[in-house]
Amino acid sequence: AQSVTQLDSHVSVSEGTPVLLRCNYSSSYSPSLFWYVQHPNKGLQLLLKYTSAATLVKGINGFEAEFKKSETSFHLTKPSAHMSDAAEYFCVVSGNNQGGKLIFGQGTELSVKP
Amino acid sequence: DAGVIQSPRHEVTEMGQEVTLRCKPISGHNSLFWYRQTMMRGLELLIYFNNNVPIDDSGMPEDRFSAKMPNASFSTLKIQPSEPRDSAVYFCATQGGDLNTIYFGEGSWLTVV
């Protein structure tokens, strides 16, 4: 069975400082892992995905995530936060036998202060 | 590509009324998912279809909820009768040739009063 835990429900950073959103996963299979972002009153947009290729994955808007199997983690980072990064971020896992089903974390709300 | 298109974007209805939410998937995508998002429970998968056939509806909360996909370009999620606890954002999402990547619509905001 798959599960995903986002370790922080809310993260607040200042504009121009690094962003770290933490995610741990549990999977009986080789997982596919994703980060989605949801801006207020919008749908979910794919930021990046890991599917057993390179462990460091680069996404849109300067975000990247590193898959660490030994730590069962897939933390999302960005070197320098921008005001437009303020949103809800979801870490997501999908196993190869799940037929495309995604298991969502509870989300981390990112606030960016000027 | 227009993306996943959902309608209505917002709906306010009275308890007991029937609600129908609609989704047009991305052309060529053969899997379609309905999710519900609430503050208390986050994102929940209600049902998903593959090639228009319901594969897993274990997330459908009760018999008041039903979903159909009569063809590859259209799906509906119906609630009858609606209740205030059904107030949520309902997302339709679809998946195509790029396995495991699911694309979401912008959601239908439902308020039942």
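Just checking, how many residues over region A:68-78 are touching a Phe, Trp or Tyr at 6+ places or on another chain (Cβ under 9 Å), surrounded by fewer than 17 Cβ atoms within 10 Å (Cβ to Cβ) and either outside any strand (DSSP E or B) or of a type in the set (Gly, Ala, Ser) (or both)? Even if it seems obvious, please write down each step before you answer.
Taking region A:68-78 as the starting set, the residues that turn out to be touching a Phe, Trp or Tyr at 6+ places or on another chain (Cβ under 9 Å) are A:68, A:72-74, A:76-78.
In the following step, the residues that additionally are surrounded by fewer than 17 Cβ atoms within 10 Å (Cβ to Cβ) were identified as A:68, A:72, A:77.
Now drop any that are not either outside any strand (DSSP E or B) or of a type in the set (Gly, Ala, Ser) (or both), which leaves A:72.
Summing the residues that are touching a Phe, Trp or Tyr at 6+ places or on another chain (Cβ under 9 Å), surrounded by fewer than 17 Cβ atoms within 10 Å (Cβ to Cβ) and either outside any strand (DSSP E or B) or of a type in the set (Gly, Ala, Ser) (or both) in region A:68-78 gives 1.
Among (1) assigned to a strand (DSSP E or B); (2) more than 21 Å from A:VAL92 (Cα to Cα), there is one condition B:GLN37 misses while meeting the rest; what is its number?
(2)
For the structure I just gave you, tell me whether A:SER12 is part of a loop (DSSP other than H, G, I, E, B), touching a residue at least 40 places away in the same chain (Cβ under 8 Å) and surrounded by fewer than 14 Cβ atoms within 10 Å (Cβ to Cβ). Give the steps one after another, and end with the answer.
Values: part of a loop (DSSP other than H, G, I, E, B): no; touching a residue at least 40 places away in the same chain (Cβ under 8 Å): yes; surrounded by fewer than 14 Cβ atoms within 10 Å (Cβ to Cβ): yes.
No.
Could you pull out the residue among A:ALA65, A:ALA81, A:ALA53 that is touching a Ser or Thr at 6+ places or on another chain (Cβ under 9 Å) and not in a strand (DSSP E or B)?
Details: A:ALA65 fails: not in a strand (DSSP E or B); A:ALA53 fails: touching a Ser or Thr at 6+ places or on another chain (Cβ under 9 Å).
Being touching a Ser or Thr at 6+ places or on another chain (Cβ under 9 Å) and not in a strand (DSSP E or B) holds for just one of A:ALA65, A:ALA81, A:ALA53, which is A:ALA81.
Of the residues B:GLU11, B:GLU44, which single one is part of a strand (DSSP E or B), at pLDDT below 95 and surrounded by 13 or more Cβ atoms within 10 Å (Cβ to Cβ)? Outline the logic, then answer.
On the way: B:GLU11 fails: at pLDDT below 95.
Being part of a strand (DSSP E or B), at pLDDT below 95 and surrounded by 13 or more Cβ atoms within 10 Å (Cβ to Cβ) holds for just one of B:GLU11, B:GLU44, which is B:GLU44.
Please find, among B:ILE47, B:ILE26, B:ILE55, the residue that is in contact (Cβ under 8 Å) with a residue 40 or more places away in the chain, within 14 Å of chain A (Cβ to nearest Cβ) and β-branched (Val, Ile, Thr). So that I can check it myself, show each step before the final result.
On the way: B:ILE47 fails: in contact (Cβ under 8 Å) with a residue 40 or more places away in the chain; B:ILE55 fails: in contact (Cβ under 8 Å) with a residue 40 or more places away in the chain.
Of the residues listed, the single one that is in contact (Cβ under 8 Å) with a residue 40 or more places away in the chain, within 14 Å of chain A (Cβ to nearest Cβ) and β-branched (Val, Ile, Thr) is B:ILE26.
Would you mention how many residues in region A:15-62 are within 19 Å of A:GLU109 (Cα to Cα) and without any contact (Cβ under 8 Å) to a residue 40 or more places away in the chain?
10
The values are calculated or read from the model by the stated rules, or taken from the named source; none is laboratory data. Since this is a predicted model, take the numbers as computed values, not measurements. For neighbour counting, all protein chains shown are included, and Cβ atoms are generated from backbone atoms with ideal geometry for every residue, glycine included.
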